[in-house]
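What follows is calculated from the coordinates using simple rules that are stated; it is not laboratory data. Since the structure is predicted, the reported quantities are computational estimates derived from the model, not experimental observations. Every residue, glycine among them, receives a Cβ derived from its backbone with ideal geometry; neighbour counts consider all protein chains shown.
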Amino acid sequence: MEIDRRLFLAGAAGTALASQAQAAAKRAPVAAAPATPVPVNPVVRQRADAQVFRHTDGWYYMTGSVPEYDRLVLRRARTLAGLTTAKEAVLWRHEASGPMSGFLWAPELHLIDGKWIMYFAAGPSGGGEDVFRIRTYAVVCDGKDPMTGKWSVLGKLKSPFDGFCLNSTSFVHRGVRYFCWAEREPGIETNSNIYLAPLKTPLTLAAKPARLTVPTLDWEVRGFKVAEAPALLARNGKLFLTYSASATDDRYCLGMLTARDDADIMDPGNWTKSPVPVFVSSDVTKVYGPGHNSFTTDEQGRDVLVYHGRDYKAIKGDPLFDPNRHTRVQRLYYREDGTPDFGIPVGNGAVPDRFSPANAKGQFLRHDGDRVVVGRGNIPSSQFRSVPLAGGAVALVAVDAPDKALTVKTDGSVVLAPLSQWTAFLRQRVGKDEVRFAVAGRPGQYLLHRGGALLVGVQDRAFPPSTNFRVS
Ligand code: AHR
């Protein structure tokens, strides 16, 4: 076994707890190389509209809008957590004058027919021109390495509407490369709708665009009538197309369209819109305006939602010029029918985990009020953040009750109690994706699952061990 020493920042902890944990740590085997570093939200400050993807070269690439909206940037790291400190290259800056001399918004990097292409939205810089005359363009890299190659303008998207055009993405489905973007269509009184079309070349469409959704529901038209920032996730025989809706303040949220992956996706009738938003602001975790997402996978291949969000609700002035839409990540989970369940934005701090007892497949350690149980339930009640304590121990803090943590009572029962009473645990890796929790200061005592109850006791000889929890 080894302690799963996570590269967290040292958390605050009482000295008593620290000495207990240090004593317990001394008895535990010396940790091998640390596990993959855990991303800590916000992963990258002041990068909105983030696109993160893991390329076949093993790098995570990340781009996004900068607060100044004046340049296209790119960073890469070998781990998601590494993006926080990764060096950022400037690929291209807005021009001195003309249609691409103003705002640069929502870049996305794609490798198309062996060429690195970055799509983005741009507008003029004024001088009598409407700075919101935003259109979609692309730059192209002259080399194999997008971080060091020379980038130049490839051109402008030829869209049939010539309207406010932004937030494009591209994906390959059943061998066809598609382009999906947000645009204002003449005759439809919205800021933008979502369109889809196969590509003939990187900037020309191979067919008349299909209009997939127009913002009409109340949660789509708060402040502005917006459907923008499409992102595609293909899983479980379906295509899930998320998009962002409403004004870019705390009312900004994610909607989702779903289609079977064997359907004609150019037929809007084959897409079903969720009647409610799938991801919204949370006063509990203090993340506001979550949106403009992308999807990737973590180092263990688990699905990850990438999005931006502020950690305050009230904005002074125009939200568009508030710089604190930070990039955030969290794992994405699925319902039994295979559809994604986005849960809630998990808030600042290390990305949380869910713990499924090795002897209760499909069930999770979760809380129901202050009761700690094992069973099924909503995602947030089963997400726990391993908050570091000095000496390599952790406290297990509830994501949807961030003022409470798992606490072992003197009778050995486990409850959720205020942070001041938390119990220090030694998180020990006992398998590829399994951990156990030794109770600091109680030699040989572990969290156990027995018959739906979570308790503390000595490891028994049952198989699978009642102490082991699969991490997801
Ligand atoms: O972040 C700049 C723009 O504002 C993005 O392109 C859009 O998604 C948002 O509304």
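Bridging of K144 to lysines at a Cα separation below 29 Å is possible for K87, K115, K156, K158, K200, once same-chain residues fewer than 8 apart are set aside. The mean sequence distance of close C-alpha pairs (under 8 Å, at least 6 residues apart), as a share of the length of the chain, puts its relative contact order at 13 percent. Dipole magnitude for the chain: computed about the Cα centre from +1 point charges on Lys and Arg Cβ and -1 point charges on Asp and Glu Cβ, it is near 1300 debye. Comparing the stretch 40-349 with the 2.2 N^0.38 Å rule of thumb, its C-alpha radius of gyration ratio is 0.92 (two decimals). Our helix-only sum for the chain, with -39,500 (n - 2.57) per DSSP H run of n ≥ 4 divided by its residues, gives a mean residue ellipticity at 222 nm of -1000 deg cm²/dmol.
Diffusion coefficient of the stretch 350-472 by Stokes-Einstein, Kirkwood radius over Cα pairs, 10 °C, 1.306 mPa s: 113 µm²/s. Placing unit charges on each Cβ (+1 for Lys and Arg, -1 for Asp and Glu) gives the chain a dipole about its Cα centre, and among S472, A247, Q428 the Cα reaching farthest toward its positive end belongs to Q428. The packing ranking, built from the mean of other Cβ atoms within 10 Å per residue, places the peptides 455-462, 318-325 in the order 318-325, 455-462, highest first.
Residues with beta-carbon under 11 Å from that of T190, excluding T190: net charge, scoring Lys, Arg +1 and Asp, Glu -1? Surrounding charge for T190 is -2. Between T85, G114, F463, the Cα set farthest toward the positive side of the dipole of the chain (charges on each charged residue's Cβ, about the Cα centre) is that of F463.
Convex hull volume of the Cα atoms of the stretch 146-258, normalised per residue: 142 Å³. Angle of helix 15-27 to the longest C-alpha principal axis of the chain, folded into 0 to 90 degrees and rounded to 10: 80°. Taking amide H atoms as placed 1.01 Å from N in the peptide plane, the amide H of I134 lies under 5 Å from those of C165, each 5 or more residues away in sequence or on another chain. Along the charge dipole of the chain, which of V73, A440, Q383 sits closest to the positive end, that is, farthest toward it, with unit charges on the beta carbon of Lys, Arg, Asp and Glu (+1, +1, -1, -1)? Farthest towards the positive pole: A440.
Relative protection proxy for 114-121, 260-267, 351-358, 379-386, from highest mean packing down: 379-386, 351-358, 114-121, 260-267 (other beta-carbon atoms within 10 angstrom).
Panel values: the stretch 132-208, Kirkwood radius from alpha carbon pairs, Stokes-Einstein at 37 °C and 0.692 mPa s, translational diffusion coefficient 241 µm²/s.
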